[in-house]
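Read through the structure below, which is laid out as structure tokens, and then see the notes.
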Amino acid sequence: MATRELTYVEALNEALREEMRRDDSVIVFGEEVAAAGGVYKVTKDLLKEFGPKRVLDTPISEIAIVGAAIGAALNGLRPVAEIMFFDFVGIAFDQLVTHASKMRFMSGGQVKLPLVIRTQYSLGRSYGSQHTQFLAASLLQAPGLKIVAPATPYDAKGLLKSSIRDDDPVLFVESGALYVNRSYYGYRGPVPEEEYLIPLGKADVKRVGDDVTIVAVSRTVSEAMAAANQLEEKGVKAEVVDLRTIMPMDYETIINSVKKTNRLVVAEDSVKTGGISAEVASHVCEYAFEYLEAPIVRLNSPPMPAPQASELEKKYMVSAEKIVNAVTKLVK
Amino acid sequence: MATRELTYVEALNEALREEMRRDDSVIVFGEEVAAAGGVYKVTKDLLKEFGPKRVLDTPISEIAIVGAAIGAALNGLRPVAEIMFFDFVGIAFDQLVTHASKMRFMSGGQVKLPLVIRTQYSLGRSYGSQHTQFLAASLLQAPGLKIVAPATPYDAKGLLKSSIRDDDPVLFVESGALYVNRSYYGYRGPVPEEEYLIPLGKADVKRVGDDVTIVAVSRTVSEAMAAANQLEEKGVKAEVVDLRTIMPMDYETIINSVKKTNRLVVAEDSVKTGGISAEVASHVCEYAFEYLEAPIVRLNSPPMPAPQASELEKKYMVSAEKIVNAVTKLVK
Amino acid sequence: MLREQFSREKLLKMLRKMIEIRLFEERVERLYREGKIIGPTHLYFGQEAVAVGVIEALDKDDVVISTYRGHGHGVARGVPMKAILGEILGRAVGTCKGLGGSMHAPISVEHNIPLATAIVGSGLPIAVGVGLAFKYRERRNVATVFFGDGAVNTGAFHEALNLAAVWKLPVLFVCENNLYAMYTSLKNVLAAESIAARASSYGIPSYVAFGNDVLEVYETTSKALEKIRDQSGPAFIECRTYRQKGHGGYDFGTWYRAKEEIEEWMRRDPINMLTERMKAKGFITDEERKKIEEEVAAELDKVVEEVLSSPFYDYEKLPSLVYANPP
Amino acid sequence: MLREQFSREKLLKMLRKMIEIRLFEERVERLYREGKIIGPTHLYFGQEAVAVGVIEALDKDDVVISTYRGHGHGVARGVPMKAILGEILGRAVGTCKGLGGSMHAPISVEHNIPLATAIVGSGLPIAVGVGLAFKYRERRNVATVFFGDGAVNTGAFHEALNLAAVWKLPVLFVCENNLYAMYTSLKNVLAAESIAARASSYGIPSYVAFGNDVLEVYETTSKALEKIRDQSGPAFIECRTYRQKGHGGYDFGTWYRAKEEIEEWMRRDPINMLTERMKAKGFITDEERKKIEEEVAAELDKVVEEVLSSPFYDYEKLPSLVYANPP
Ligand SMILES: Cc1ncc(C[n+]2csc(CCOP(=O)(O)OP(=O)(O)O)c2C)c(N)n1
Ligand SMILES: Cc1ncc(C[n+]2csc(CCOP(=O)(O)OP(=O)(O)O)c2C)c(N)n1
Ligand SMILES: [Mg+2]
Ligand SMILES: [Mg+2]
């Protein structure tokens, strides 16, 4: 069947639309998601198609947004709530971490919470330190929660649809940079016309190679793919593993890749201290130590807040160039 | 000069009292810290000595407690605010992470924030999953913040005094288990009469050994010390490194120890996924790989919320026994 | 004073529920003092009329969100005492298999109590979501959330009341104002004329009930439920009551509360108040009340024994309870 | 209408400040449209009377907490326009060396603006702490915090107002009610009679001022400041105003607001309103106003040129700005 090129935003919008058509227990709410169709147009025209009972604008009340999602999920719906910037998830940290992620377990398995919180991080858009945080690593301490972060339109659509159908609370993290920056691999891409789903909890080998494994997620997958292209010219074959689901993590795919390449670079947008890369690297170091022929290199934002000025932010961020440099040193 | 035996709680109380006597810009506020002297008596009798202008009870308003600490610090004071359980820091995550940790940097270095947020985690006291979280790992993404977690009365006093004098925001994490459980090494211990300070950012080798390094922090230091005793009987000499300051982390002391022992076990109370142990292990794997003779083992709470029943909680927690078993396998 | 519309049967039912809660908590207190309960436990002594008055007025399909001080809510709703006590003692027979403990003991999906939270204030926004689902499905049910006076000062309270009012959701907010949050008197931490007045500022119909009078609580709840259905929007009840014991098992509630105040409230004991009224009406004798107490006590003897000899949940099974859909 | 107590000098000063803000924002808007500003920017067009009216009434030792829509607060407080624009353009000459950007541009410790936050509502609890320090030191100063109508629905708002009232702190809450939070009309998200009425429910003296009338804002602020000092407790001002442009640089503010509404508010332009009054009083002529505008424009020409040709901060130095006491 046919495949079109869609942008990341269009793919997300299509996923929402399809799931809302399919299941009337899916409702959408958040700041500016209804009349405005989302500040980044991810919820565009949903209000028009599904009406104000299913698509609701909220006050600026992040605690209540996440709380309402929990309550609606407890009571039979499949809410998809939006928190406009990942940073604002901090306001609802109690609801997400101390409530949503634990409610099933602490009820002895009685309750299920089929909710999705969609959000996006804007690193790469010069939004400054209060609007660019990629806080996924801060949520790894909340098992019970699933964290999904797509890197391409194809994945965005398939993963969002699966997240909505999943019976656990899912934090669905989008990349603001992929919304707007046309130069990214993940900005636009092929999406089949026919329906498909992508399972949660499975990483994806986005490019096959033997010399080094590059684990990336969300925006940095684009950087990793660009790096792999450049490395190929230098005769280095990099394997790019896109985590896609950050929690629960697909360790198996990572370890299988490392077993083959014996070298690992992790490149992602957390601050390095306690980042997602720390979990990946330490896991490999614990369970596949004997396959490692070199230190595991972690490429992250350095341990400081993000500077706003775009010239500085560029230096702050993980880039294809930094990946190429790290890999080049590693395979020497 | 003389040294007395104090409990962990008494040592903390003494630190507060001394710093309040020394500097009238130190004030204390939080839920039940004044009239009640703290639910665990850490702020006992401060109201009596320093009066209601300097020791204040608050409503149940964690956002405002941390916010007020930030504001007071911006305006010349050195507030020491208490958040009763570490879990409730989640309510004030925005204030702590998106504000306190970033305000100096995002102002271009203009402001300083000499504040301390004291809190405690109650793992080991059967408080259930909403009252036992050790969320320090979730805050590693917030450079600009310092995180301190003492494991003995001596450290508790010296580190709290230094934290109060420090010009950066400090999250000071106490262990509820060390407050009450007499069987712990860290429950009671020698504290000199004369004044002393312990520098932030320095780990402490609590026991010297050549065969394996055990990195621990807070409650698990007691477990590590007990484990080291048992291991000694089996002829294994373990070196116990107490992180003391979790951020910024003293990588140097860790790496020096690993260079000597070539083996590393990290034992701490985070949930394993993305725990503090992940940062320790991945750092060593990146920067001291060539010294490692075995995989790095991480001992943590497993990736699930804490069960409440004490029988189950015991199995859930890091223990001396688990450390002994892990080390025994490692040195075989 | 006794409302005509309350049949003897109804009153007996409410009295019995209140006695169940009281005697249940007596057992819990005793087990706590004996060191058999490990972890925190928050007793409901003195507030029985709130749980019973509110819950009796609800429909069984209405949802209740409870708190760490929730044993009474669970008993009032008919959650088996064995399951609640089992949870408090951490056993596999507990409502939550012992994973929740005392602070989550009333959770029972079967009884439409999907949550009892240990975080002050955090249940309110969740109740808003429950109400949202009811409204969306055009059900005439109500999301009821219990919370204390201390919860009124949390950010969660504010966001929840505002959103429930803006979206006109069927949510019944029930504040159990027992005058203290831990050791802190309400008057030192609340900047408002009253809790009900604060609620009114959101345009939410708000009521004050004497929370030790189960009939007043019942009637106020019924009125509020009508209002919710008529106006399709939330309502708020402030129940003025008192905890006869301390904040938690370890606290005796004395140093921060005046002896006279405690005594005055003990004189207004909710169970005695109802008994007196029923006696005046000829609905019950002292002997009959005693008999109820004996029946409940006998049941509790059995429950305690059964629970104490029952096993803990199998630790090895815990990982399977983290996700509904494991990857 | 023109209050006698305002001297020509004072009025000229306020007019000039308002013109500075307006022309400053015109440059910012132009630079944004030219693609020279990278990142978000939120303009202050139309609200000039609020910043100037409030800040002129403050003492220079009073502390101001600002927001992402804070350029006007900075200019009104006398932060050099070069430093503010430098920040908006991310340069080392910026108030925050380019690390903050437009949303934090007014931060200037020297001018007692230690924070401009990009998180809606989160400045309020911080202002409470600033007020706490003033009270503790027995200073007669006031912590002033600006925020929008959208902030009223955040949990932070509620906790801050309650605590300020309970502790009787010298905090002036200034709500710039421009009727919209982004594209959302206040009336769709606020469950209260008015913002000022909500504030009153905390027992906080609350005032409404027409926020396009700088004199009314000034006088209301003065009244509120007196109240703060007399009652030693907080006060609240709701300034009703309007943003003449969109929410951010990319938004034109039209699709969600009626043309008539925009036009009506344009007719009540704060700068023109003050000019007309001054003219009526014989305090200024059209030529004089024009002259002020030319002077400011000339200054801004220079500022823009200087900033655009100035360097970014040295990336290598950033790590040293994370901690005041690095380990
Ligand atoms: C957010 C939060 N802060 C603090 C606590 C600790 N705490 C538990 S109960 C309580 C007092 C609550 O008082 P109230 O709401 O009046 O309920 P009551 O205990 O009187 O039933 C406090 C402060 C908590 N559980 N959650
Ligand atoms: C907590 C939080 N939620 C959402 C946002 C995104 N946001 C930025 S400005 C804004 C609208 C704020 O409106 P208002 O408070 O009225 O201020 P105005 O922009 O009108 O000056 C929103 C929703 C944010 N910055 N912070
Ligand atoms: Mg209470
Ligand atoms: Mg507004």
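The values are calculated or read from the model by the stated rules, or taken from the named source; none is laboratory data. Keep in mind that this is a model prediction, so the values were computed, not measured. Virtual Cβ from ideal backbone geometry, glycine too; neighbours counted across all protein chains shown.
Looking only at residues in region D:124-155 that are within 16 Å of ligand 4 (Cβ to nearest atom) and within 14 Å of chain C (Cβ to nearest Cβ), the one that is nearest to B:Val111 (Cα to Cα) is D:Leu124.
Residue-level analysis places C:Ser122 outside the set of residues that are among the polar types (S, T, N, Q) and closer than 26 Å to C:Pro311 by Cβ.
Condition check: within 14 Å of chain A (Cβ to nearest Cβ) and either out of contact with any Cys (no Cβ under 9 Å at 6 or more places or on another chain) or on the phi < 0 side of the Ramachandran plot (or both). Does D:Gly46 satisfy that? Judged against the criteria, D:Gly46 is not a match. Within region A:1-24, the residues that satisfy the criterion of being over 20 Å from the mean Cα position of the chain (by Cα) and either buried (at least 22 other Cβ atoms within 10 Å of the Cβ) or part of a loop (DSSP other than H, G, I, E, B) (or both) are A:Met1, A:Ala2, A:Asp23, A:Asp24. The condition (being touching a His at 6+ places or on another chain (Cβ under 9 Å) and modelled with pLDDT of 95 or more) is satisfied by just one residue among C:Tyr207, C:Tyr202: C:Tyr202. If only residues of region C:170-195 that are more than 11 Å from chain D (Cβ to nearest Cβ) and more than 14 Å from ligand 1 (Cβ to nearest atom) are counted, the one that is surrounded by the most Cβ atoms within 10 Å (Cβ to Cβ) is C:Val171.
When we screen C:Leu321, C:Leu308, C:Leu300 for residues that are touching a residue at least 24 places away in the same chain (Cβ under 8 Å), in contact with a Lys or Arg (Cβ under 8 Å, 6 or more places away or on another chain), surrounded by 15 or more Cβ atoms within 10 Å (Cβ to Cβ) and more than 14 Å from chain A (Cβ to nearest Cβ), the only hit is C:Leu300.
Across region D:104-114, the qualifying residues are those that are of a type in the set (A, V, I, L, M) and not in a loop (DSSP other than H, G, I, E, B), and the one among them that is farthest from the other protein chains (Cβ to nearest Cβ) is D:Ile113. Test D:Lys97 against the criterion of being at positive phi and either within 16 Å of ligand 2 (Cβ to nearest atom) or in contact (Cβ under 8 Å) with a residue 24 or more places away in the chain (or both), and give yes or no. Judged against the criteria, D:Lys97 is a match.
This table checks each residue for (1) touching a Gly at 6+ places or on another chain (Cβ under 9 Å); (2) within 18 Å of B:Ile60 (Cα to Cα); (3) within 16 Å of ligand 4 (Cβ to nearest atom); (4) without any contact (Cβ under 8 Å) to a residue 60 or more places away in the chain.
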position	(1), (2), (3), (4)
C:Asn177	yes, yes, no, no
C:Ser185	no, yes, no, no
C:Val189	yes, yes, no, yes
C:Ala199	no, yes, no, yes
C:Phe236	no, no, no, no
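If I filter region B:286-309 for residues that are within 25 Å of B:Gly186 (Cβ to Cβ) and part of a helix (DSSP H, G or I), do I get at least one hit? The answer is no, given that none of the residues of region B:286-309 is within 25 Å of B:Gly186 (Cβ to Cβ) and part of a helix (DSSP H, G or I). Condition test on B:Thr253, is it part of a strand (DSSP E or B), more than 25 Å from A:Ala142 (Cα to Cα) and not assigned by TED's automatic domain parsing to the domain that holds B:Leu139? No; evaluated as a whole, the condition is false for this residue.
Considering the conditions (1) of a type in the set (Asp, Glu); (2) within 11 Å of chain B (Cβ to nearest Cβ); (3) out of contact with any Leu (no Cβ under 7 Å at 6 or more places or on another chain), A:Asp269 is excluded by exactly one of them, (3). Based on what the data block shows, is B:Ile27 part of a loop (DSSP other than H, G, I, E, B), of a type in the set (A, V, I, L, M) and without any contact (Cβ under 8 Å) to a residue 60 or more places away in the chain? So B:Ile27 fails the test. Filtering region B:279-296 to residues that are surrounded by fewer than 24 Cβ atoms within 10 Å (Cβ to Cβ) and over 16 Å from A:Glu293 (Cα atoms) leaves only B:His283.
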